[in-house]
Every structure is written in structure tokens, then in C-alpha cells.
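Each value in this text was obtained by applying a stated rule to the coordinates, not by laboratory testing. Everything numeric in this text was worked out from a predicted model, so none of it was measured. Reconstructed Cβ throughout: ideal geometry from the backbone, glycine too, with neighbour counts over all protein chains shown.
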Amino acid sequence: MRSPLILSVAAFWCLAVSAQAGEASYRLTDANTKIEFTGTKPGGKHDGGFKRVSGMIVLADGVEPQVDVEIDCSALYSDNFMLTWHLKGADFFNVKKHPKARFTSTSVRRSETGYVVAGNLTFLGVTMPVSFPATMTAGDVIRLQGTCVLNRHDFGMTYGKDKIHDNVEVRFDVNAAR
């Protein structure tokens, strides 16, 4: 009779080898991931982004790619020091109450021009479905780029309703190695 321990180790080894052969994981870090945004107002605009990002992109044979990204909103920056301070406060990102945002993909499908990524974005305690076009190339390094437009009101960010436009353009660029 074979030992259950030997069978368990053999089964685990087989699973590990097959996972390595058909699956590639790419870690998103501050060094390889850029998430930036542009907010507009009558007569102007402001650019900003997030300095701390983490997550994974997983590619596996026969399965849609999986994308999971966590954004540290307390590491927000903008092109104006006073604006950065205001954006971190309760009127906008409220980083004391909601220090993190998260995107988790639900589908990544090919399109005529690249891919359409769909998923759930949790921001300020509100989870909303979002989708956006993206380009992706994979190998030893995965490159994922795209732009989406988010309505800040969908997430409860209503400050300056008549002074600030509702839509915010968000751009991302990932160059992650295995």
C-alpha cells in the first residue's frame, strides 16, 4: 500500500509543474505600473496619479487573463501641492476613511483593436462595473496600456459640482516581468 504522504507530495508536484507550464504571473509594483488621471474644469485641467500600486496579472492556458490591482490612494499626487492636499481630504478621495481602491477583472476579451477589459472598481467604498479598451502584449514582460473615463459622481465624489467636470480620464501603463 502506498503512503498517503507520498501520493500527496506526488500530486502536489504534478499540479505545480502543470501550473508552471500553463500559467504565468506578473507582479504589478510601483516601479512597473503607472496610473495617472486628468480632471478638468472650465478653463483648465489638473493632472495627477498614484505613487503606490500593487497587484497581479495572471495568464493561463484556456482561461481569460485575470487582473487584480490595488491602489494606495494615500500616495496620490497632483500637479499642485495644495490641490494634492485637498484631493486627499473628505471632499474627494477621503484617504483617511478609504485608503485603498481596487480593480478586479471579470473579463478580458479580444477586440478588433486589442482588448476590452471589464471588471469591478471599488473606490470610496462603492463598487461599480467598469470596462475600457486596452492593448496587451505578453512574453517575459507583459505590457498593458489603456485609458478609461470615470464619472466621479458614480463613486460619491460630488464636491464642486458646478466648478469641476464630472468625468475624469484615467490612464494606465504596466510593464511587468514574470
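Expressed in nm to one decimal, what extension gain is obtained for the pair Lys45 and Tyr159 from 0.36 nm per residue of sequence separation less their Cα-Cα distance? Numbers along the way, then the final one.
On the way: separation 114, 0.36 × 114 = 41.04 nm, distance 1.58 nm.
My answer for the length gained is 39.5 nm.
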Hey, what D do you get for region 54-96 in µm²/s if you plug the Kirkwood alpha-carbon radius into Stokes-Einstein at 20 °C and 1.002 mPa s? 170
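If each residue's Cβ is checked for other Cβ atoms within 10 Å, how do Met82, Met157 rank with the fewest at the top? The partial results should precede the final answer.
Numbers: Met82 8, Met157 21.
Going from least to most buried by this count: Met82, Met157.
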Only helical DSSP H runs with n ≥ 4 go in: add -39500 (n - 2.57) per run for the chain, normalise by residue count and round the 222 nm mean residue ellipticity to 500 deg cm²/dmol. -5000 deg cm²/dmol
Convex hull volume of region 23-63 per residue (C-alpha atoms, cubic angstrom): 85
Going 7 Å from the Cα of Arg52 toward and past its Cβ, which residues in region 69-93 have a backbone nitrogen under 14 Å from where you end up? 70-77
How big is the charge dipole of the chain about its Cα centre, in debye rounded to the nearest 20, if each Lys and Arg gets +1 on its Cβ and each Asp and Glu gets -1 on its Cβ? 360
Would you kindly calculate the translational diffusion coefficient of region 54-129, applying Stokes-Einstein with the Kirkwood radius from alpha carbon pairs, for 37 °C and a viscosity of 0.692 mPa s, and quote it in µm² s⁻¹ without decimals? 232
Going by alpha carbons, how many degrees (0 to 90, nearest 10) lie between the helix axis of 4-22 and the longest principal axis of the chain? 50
Over all Cα pairs of the chain, how is the pair count split among 5 Å bins, expressed in % and running from 0 up to the last occupied bin? 1, 7, 14, 19, 17, 12, 9, 7, 4, 3, 2, 1, 1, 0, 0, 0
Of Gly48, Ala138, Val63, which is farthest towards the positive pole of the chain's charge dipole, taken about the Cα centre with +1 and -1 on the beta-carbons of Lys, Arg and Asp, Glu respectively? Gly48
